[in-house]
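Starting off with a structure, shown below.
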């Protein structure tokens with residue numbers, strides 16, 4: 001479904017126009033099937049099934065810093081957390097998923113597909129909230145890979161977006177580590193928690209994906225991890241290749 005790399009095209013008025021998309025059709029909405037890898041399973045969020053795990057895992061973040069740049073949280077108590085989970089579970093867009101660590105069988109984080117535009121083949125990953133136990137783990141990286149793979153390989157989307165508060169340095173580093181291209185700052189794009197947000201935009205498009213997929217899959221290979229599960233080479237090394 002990629003745009004053809006051709007010389008500029010012109011219409012009958014002499015105006016430059018974009019490359020044609022042959023046989024383009026709207027893409028499917030993401031299905032509710034789980035995505036499973038070697039380290040994690042990404043499955044639709046179920047408040048009853050995942051609630052205890054998520055509440056316990058997020059409670060380990062004592063200072064609440066994981067919620068600073070999120071529209072929701074931190075939560076005053078379990079009841080408030082459960083109300084948020086119920087909203088997430090019932091939402092179609094954003095379409096929330098829980099990230100389940102396969103070693104422990106526990107849900108340790110959430111992420112969503114959002115701003116889903118099947119007609120245009122555009123989809124965004126967002127609402128990424130990782131508990132301390134999930135942060136900087138192979139499972140966290142694999143979860144992002146599984147969601148990308150579904151969007152591009154299974155569903156045929158053309159564009160996969162990542163947006164965050166421009167001041168959210170960890171999120172911006174994560175996007176760059178995963179192969180997203182920085183596309184600019186949208187100034188005063190949002191108001192949340194009573195404050196301004198300038199939004200940093202990142203994206204991967206379908207023609208970028210094969211090289212990024214290869215880098216991610218090479219990094220995730222068992223040979224790249226020692227017996228304690230520590231990486232031997234960083235993802236950046238594979239991205240450079």
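The values are calculated or read from the model by the stated rules, or taken from the named source; none is laboratory data. The structure displayed is predicted, hence computed values, not measured ones. Please note: Cβ atoms are built from the backbone with ideal geometry, for glycine as well, and neighbour counts cover all protein chains shown.
Considering the stretch 215-236 alone, what residues qualify as being out of contact with any strand residue (DSSP E or B) (no Cβ under 7 Å at 6 or more places or on another chain), in a helix (DSSP H, G or I) and free of Cβ contacts under 8 Å to residues at least 12 places away in the same chain?
Keep residues of the stretch 215-236 that are out of contact with any strand residue (DSSP E or B) (no Cβ under 7 Å at 6 or more places or on another chain), which gives 215-223, 226-230, 233-236.
Of the ones still in play, those that are also in a helix (DSSP H, G or I) are 215-220, 222-223, 235-236.
Of everything in the stretch 215-236, just one residue is out of contact with any strand residue (DSSP E or B) (no Cβ under 7 Å at 6 or more places or on another chain), in a helix (DSSP H, G or I) and free of Cβ contacts under 8 Å to residues at least 12 places away in the same chain, namely 223.
Condition check: surrounded by fewer than 18 Cβ atoms within 10 Å (Cβ to Cβ), within 19 Å of the chain's Cα centre (by Cα), part of a loop (DSSP other than H, G, I, E, B) and modelled with pLDDT of 95 or more. Does residue 156 satisfy that? Steps first, please.
Values: surrounded by fewer than 18 Cβ atoms within 10 Å (Cβ to Cβ): yes; within 19 Å of the chain's Cα centre (by Cα): yes; part of a loop (DSSP other than H, G, I, E, B): yes; modelled with pLDDT of 95 or more: yes.
Yes: the conditions hold for residue 156.
Ok, one more. Is it true that residue 204 is modelled with pLDDT of 95 or more, out of contact with any helix residue (DSSP H, G or I) (no Cβ under 9 Å at 6 or more places or on another chain) and either assigned to a strand (DSSP E or B) or exposed (fewer than 12 other Cβ atoms within 10 Å of the Cβ) (or both)? Spell out how you get there, then give the answer.
Values: modelled with pLDDT of 95 or more: yes; out of contact with any helix residue (DSSP H, G or I) (no Cβ under 9 Å at 6 or more places or on another chain): no; either assigned to a strand (DSSP E or B) or exposed (fewer than 12 other Cβ atoms within 10 Å of the Cβ) (or both): yes.
Spelling it out, it is not the case that residue 204 is modelled with pLDDT of 95 or more, out of contact with any helix residue (DSSP H, G or I) (no Cβ under 9 Å at 6 or more places or on another chain) and either assigned to a strand (DSSP E or B) or exposed (fewer than 12 other Cβ atoms within 10 Å of the Cβ) (or both).
Looking at (1) closer than 27 Å to residue 70 by Cβ; (2) surrounded by 15 or more Cβ atoms within 10 Å (Cβ to Cβ), which is the one condition that is false for residue 238?
Only one criterion in (1) closer than 27 Å to residue 70 by Cβ; (2) surrounded by 15 or more Cβ atoms within 10 Å (Cβ to Cβ) is unmet by residue 238, namely (1).
List the pairs whose first member sits in the stretch 58-85 and is over 22 Å from residue 48 (Cα atoms), whose second member is surrounded by fewer than 14 Cβ atoms within 10 Å (Cβ to Cβ), and whose Cβ atoms are under 7 Å apart, counting only residues at least 6 apart or on separate chains?
Hits for this filter: 71/192.
Further question: Scan 180, 186 and give me the residue that is at pLDDT 95 or above and surrounded by 15 or more Cβ atoms within 10 Å (Cβ to Cβ). Working first, answer last.
Numbers: 186 fails: surrounded by 15 or more Cβ atoms within 10 Å (Cβ to Cβ).
From the options 180, 186, the qualifying one is 180.
Looking at (1) in a helix (DSSP H, G or I); (2) under 28 Å from residue 25 (Cα atoms), which is the one condition that is false for residue 161?
(1)
Taking the stretch 61-96, which residues are assigned to a loop (DSSP other than H, G, I, E, B) and over 17 Å from residue 126 (Cβ atoms)? Spell out the reasoning first.
Just the residues of the stretch 61-96 that are assigned to a loop (DSSP other than H, G, I, E, B), to begin with: 61-64, 68-77, 91-94.
The answer is 61, 62, 63, 64, 74, 75, 76, 77.
Let me ask you something else. When you go through (1) in contact with a strand residue (DSSP E or B) (Cβ under 6 Å, 6 or more places away or on another chain); (2) more than 29 Å from residue 194 (Cα to Cα); (3) touching a residue at least 60 places away in the same chain (Cβ under 8 Å); (4) not in a loop (DSSP other than H, G, I, E, B) one by one for residue 99, which number turns out not to apply?
Only one criterion is unmet by residue 99, namely (3).
Here's something else I'd like to know. Does residue 81 count as out of contact with any strand residue (DSSP E or B) (no Cβ under 7 Å at 6 or more places or on another chain), surrounded by 18 or more Cβ atoms within 10 Å (Cβ to Cβ), under 18 Å from residue 136 (Cα atoms) and modelled with pLDDT of 95 or more?
Working: out of contact with any strand residue (DSSP E or B) (no Cβ under 7 Å at 6 or more places or on another chain): yes; surrounded by 18 or more Cβ atoms within 10 Å (Cβ to Cβ): yes; under 18 Å from residue 136 (Cα atoms): no; modelled with pLDDT of 95 or more: yes.
Answer is no for this residue.
(1) in contact with a strand residue (DSSP E or B) (Cβ under 8 Å, 6 or more places away or on another chain); (2) closer than 28 Å to residue 219 by Cα; (3) surrounded by 11 or more Cβ atoms within 10 Å (Cβ to Cβ): which one isn't true of residue 38, the others all being true?
(1)
Here's a follow-up. Are any of the residues in the stretch 108-131 over 16 Å from residue 216 (Cβ atoms), assigned to a helix (DSSP H, G or I) and touching a strand residue (DSSP E or B) at 6+ places or on another chain (Cβ under 9 Å)?
Checked against the condition, which is being over 16 Å from residue 216 (Cβ atoms), assigned to a helix (DSSP H, G or I) and touching a strand residue (DSSP E or B) at 6+ places or on another chain (Cβ under 9 Å), the stretch 108-131 yields no hits at all.
Of the residues that make up the stretch 60-72, is at least one within 30 Å of residue 118 (Cα to Cα) and in contact with a helix residue (DSSP H, G or I) (Cβ under 7 Å, 6 or more places away or on another chain)?
Narrowing the stretch 60-72 to residues within 30 Å of residue 118 (Cα to Cα): 67, 69-72.
This time we only want the ones that are in contact with a helix residue (DSSP H, G or I) (Cβ under 7 Å, 6 or more places away or on another chain), so: 69, 72.
Scanning the stretch 60-72 turns up at least one residue that is within 30 Å of residue 118 (Cα to Cα) and in contact with a helix residue (DSSP H, G or I) (Cβ under 7 Å, 6 or more places away or on another chain).
OK, next. Any chance you could count how many residues in the stretch 24-37 are assigned to a loop (DSSP other than H, G, I, E, B) and more than 17 Å from residue 152 (Cβ to Cβ)?
Step one: list which residues in the stretch 24-37 are assigned to a loop (DSSP other than H, G, I, E, B), which gives 24-34, 37.
So of that shortlist, the ones also more than 17 Å from residue 152 (Cβ to Cβ) come out as 32, 34.
So the answer is 2.
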